[in-house]
Each structure stands twice: as C-alpha cells, then as structure tokens.
Amino acid sequence: MSSRLVLVIGDLFIPDRAIDIPAKFKKLLSPGKIGQILCLGNLTSPSVYTFLRNLAPDLQLVKGDFDIALSTPAAPTAYQTPGAPQSDAAFPIPTALSKVVTHGSLRIGFTHGDSIVPPGDPDALLIAARQMDVDVLCWGGTCKFEAYEMEGKFFVNPGSATGAASWNDETLGSDEEEDRNTPSFVLMDVQGDVLVLYVYQLKRDAEGVESVGVEKVSFRKGATGA
C-alpha cells in the first residue's frame, strides 16, 4: 500500500440531516492519498459508501445507531462514478459494534459510541479502551471533534464530516450559526509508536466565507505526561 494515512470519519447523516459532504472536503479527499478508512457509523447513504470505497479499498465500518437497511433503492447522486454499474442502491450494513486495527506498534480501536454511557464520558471511554486493549480509541455519536490523552491512551472523536447535529446535542434545531456543529474529519499518520493526527475543520468567518483549517496533534505510545 502506497499510503498509510488513515481517514477517520463518521456521523454523516446524508440525506437525513445534511445534504452533502462539503465541497471543500471532497476536494481534499481524493483517491490515492489514503490507505485505510475507519468509518465510525451513521454512514446512512449508499452513495456515500460508494464515495468512500473509491477513496480507499480498505474501508472498515462499524454500526451506528442509524445504520439500518434501506427499504427502497436510493436515487443516483453525484457520488456515483461515471459509467459505474448501479450497485449502490444498497450497501452492506455493518453489524460489528467495534473493531481494532494495528498500525505500527499502535492498536487502534473504533466504535460508534452509542454504547458508551454517558455519551462521550471520559471514564466510560477509558473502560472501553481497556476492554478492547487498545492504545487509541476513536468514537463517534456526539458529532463534535475531541482529542485528548488519558492514562497513557489517546482518545479521538472526528466529529461529523457534514456538521450534522446529534440527538444528544443541546443545540439541535438551533438557527444560530455559531451554535451549529463544525464539519470535521481527521487523518492519522502512524510511524512506529507515534501517531500524528491532522484535524480538518470547515470554518466560516463573519462574512460567511468558508475555509478549511488544519491542526496537528501528536501522541506517542508510552510517553509519560507532565
């Protein structure tokens, strides 16, 4: 595999809560740059499944609370590859609630997070990470980006790539721009026992102009905190 960049993405909710992945994100997410995709659930759309499959052949899925079988075929969308067969009228609904992959010396676990109670609770996440015996735990469900270290483990929530609202979000239904979730996803670059996390967020200024901001966070396995 030419690239070992790992895309972590989830909670897209297309078309239920969002129309599309932001165009500026789709320009960044081009085939050939990503080695593996970890999708944390709530893919919800066959067309998005096709889009992700075209990005990287190694697409790992876990089940979100809204990943259910479709009762009617989906209409063709812009995600379809020109000339491709109409195979995205359905997609394999994942059944696994969590998975573990290994990159370098790091074990990376991922789950949607609807089984984490209370949602996003650090202590509950730490328990889940220990049960899965992982160094890094990625989770979703809150639709908001988070990344932090706790007791030698690294926790990452990529947020929602579409900025969709979560049912756990107190601002659900708000018309205030500043209260809406910021669209985001993350890329992981693992070299040995070091993980470099690149956080992509779609931000909008006071004039409504959108731009993609990128931040970098590093984690080293076994490093002692201050």
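The values are calculated or read from the model by the stated rules, or taken from the named source; none is laboratory data. No experiment lies behind these values; they were computed from the predicted model shown. FYI the Cβ positions are ideal-geometry reconstructions off the backbone, even for glycines, and counts take in every protein chain you see. These accessible areas exclude ligands, DNA and RNA; they are computed on the full protein's heavy atoms, side chains included. Shrake-Rupley method; radii C 1.70, N 1.55, O 1.52, S 1.80 Å.
Residue count for the range 25-52 under the criterion of being closer than 28 Å to Leu137 by Cβ and among the basic types (Lys, Arg): the result is 2. Just one of (1) open to solvent by 20 Å² or more (accessible area, probe 1.4 Å); (2) under 18 Å from Ser166 (Cα atoms); (3) hydrophobic (A, V, I, L, M, F, W, C) fails for Phe13. It is (1). Of all residues in the range 92-117, those satisfying the criterion of being modelled with pLDDT under 90, open to solvent by 20 Å² or more (accessible area, probe 1.4 Å) and not aliphatic (A, V, I, L, M) are Pro92, Thr95, Asp114, Ser115. Please tell me if Ser166 is of a type outside the set (Val, Ile, Thr), in contact (Cβ under 8 Å) with a residue 24 or more places away in the chain, touching a strand residue (DSSP E or B) at 6+ places or on another chain (Cβ under 8 Å) and crowded, with 21+ Cβ neighbours inside 10 Å. It is false that Ser166 is of a type outside the set (Val, Ile, Thr), in contact (Cβ under 8 Å) with a residue 24 or more places away in the chain, touching a strand residue (DSSP E or B) at 6+ places or on another chain (Cβ under 8 Å) and crowded, with 21+ Cβ neighbours inside 10 Å.
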